[in-house]
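Engineer: Questions regarding the structure given below will be posed in turn.
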Amino acid sequence: MRTYDDVLAAVKTLGRRSRRRPRQQPSPQWQLKVGSTLIDFNGMLAGLRTWARAAGLLRGQRTRGIEHAMSRLRNAVAHPTGYHRTMPVETARTLHDLAELINQLWGHPTPGGRLYPAPVERDIVVMAWNDEGSVHMAQADALRDDTGADGYLYLLIRSASRPGSRYEDAYWAEFDARFETTQFPVEYLWGPGSRSDALAWLVL
């Protein structure tokens, strides 16, 4: 079978054959095999979703309900009994969700996605503080700036939290290498030490 139409035609043929059998004989079931599991399949979108879940192509508990809603929306569009209007924002979000679903089916999570997001990237960032209690965070490239203030100690970490990012952590200043004290996971890399030593470690 090369196309979905071929699959659907085979299911319908099997259904016609089962209706011609005597009632005392059990009707054959069209099934898809995933590993050692057999899944009943009727050629419809719901059956394809069940197969995709069993095959590990779709993931997440919250997205189960969203997938069901998207299937109902597809059916409403394909077999309409009326119509209703939506705002452009809702339409754009639906198309974005559909694109995420397609990406996930092909094994590619969507960076920054709402349904099937890719892993959050973590970058090297620098923390700096002085005896007066002033604490700063910046991208590690800021160490190359010759205008760095004296009297600071520097620490290098790997973090998803960075200034201006959507994952900016409200508790980043509470970082402690011994305990989980930040909102997002943080990996200790180097320090504390001077700015020149931190830069030397960074460029190695």
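The values are calculated or read from the model by the stated rules, or taken from the named source; none is laboratory data. Quick caveat: nothing in here was measured; it's all calculated off a predicted structure. Note that we place each Cβ from the backbone using ideal geometry, even for glycine, and neighbour counts take in every protein chain shown. Ligands, DNA and RNA are excluded from the accessible area calculation, which covers all protein heavy atoms including side chains. Shrake-Rupley method; radii C 1.70, N 1.55, O 1.52, S 1.80 Å.
Engineer: Projecting each Cα onto the charge dipole of segment 72-189 (Lys/Arg +1, Asp/Glu -1 at the beta carbon, about the Cα centre), which of A170, A78, P117 comes out farthest on the positive side?
Structural biologist: Among A170, A78, P117, the one farthest towards the positive end of the dipole of segment 72-189 is A78.
Engineer: While we're on this one: Please report, in whole Å³, the volume per residue of the convex hull around the C-alpha atoms of the chain.
Structural biologist: Each residue corresponds to 225 Å³ of Cα convex hull volume.
Engineer: Can you give me the relative contact order of the chain as a percent, contacts being Cα pairs under 8 Å and 6 or more apart?
Structural biologist: It rounds to 11 percent for the chain.
Engineer: Still on this structure: Quick one: helix 88-105 against the long Cα principal axis of the chain, what's the angle to the nearest 10°, folded into 0 to 90?
Structural biologist: Computed tilt is about 80 degrees.
Engineer: Divide, for segment 86-149, the radius of gyration over alpha carbons by 2.2 N^0.38 Å, where N is the residue count.
Structural biologist: The reported ratio for this selection is 1.88.
Engineer: Considering amide H positions built from the backbone, and no H for Pro or chain starts, which residues 5 or more places from T110, or on another chain, come under 5 Å of its amide H?
Structural biologist: Those qualifying (amide H under 5 Å, at least 5 residues apart or on another chain) are Y116, A118.
Engineer: Considering only protein heavy atoms and a probe of 1.4 Å, how much of the accessible area of the chain is carbon and sulfur, as a whole percent?
Structural biologist: 54 percent
Engineer: Further question on the same structure: Please compute the per residue accessible area over the chain with all protein chains in place, 1.4 Å probe, rounded to a whole number of Å².
Structural biologist: 71 Å²
Engineer: Helix 62-78 against the longest principal axis of the chain: what's the angle in degrees, Cα atoms only, rounded to the nearest 10?
Structural biologist: The angle comes out near 50 degrees.
Engineer: Quote the charge dipole size of the chain about the Cα centre in Debye, to the nearest 20; the model charges only the Cβ of Lys and Arg (+1) and of Asp and Glu (-1).
Structural biologist: Value, rounded to 20: 2860 debye.
Engineer: Beyond 15 Å, what percent of the Cα pairs of segment 50-107 remain?
Structural biologist: Tail of P(r) above 15 Å: 57 percent of Cα pairs.
Engineer: May I ask for the longest run of the chain untouched by trypsin sites (Lys or Arg not before Pro) that are loop-located per DSSP and have at most 16 neighbouring C-beta atoms (other than their own) within 10 Å?
Structural biologist: Answer from the scan: 115-165.
Engineer: Residues with beta-carbon under 13 Å from that of N103, excluding N103: net charge, scoring Lys, Arg +1 and Asp, Glu -1?
Structural biologist: 0
Engineer: Are there any chymotrypsin sites (Phe, Trp or Tyr not before Pro) in segment 80-152 that are in a DSSP loop and have at most 12 other Cβ atoms within 10 Å? List them by number.
Structural biologist: Y83, W106
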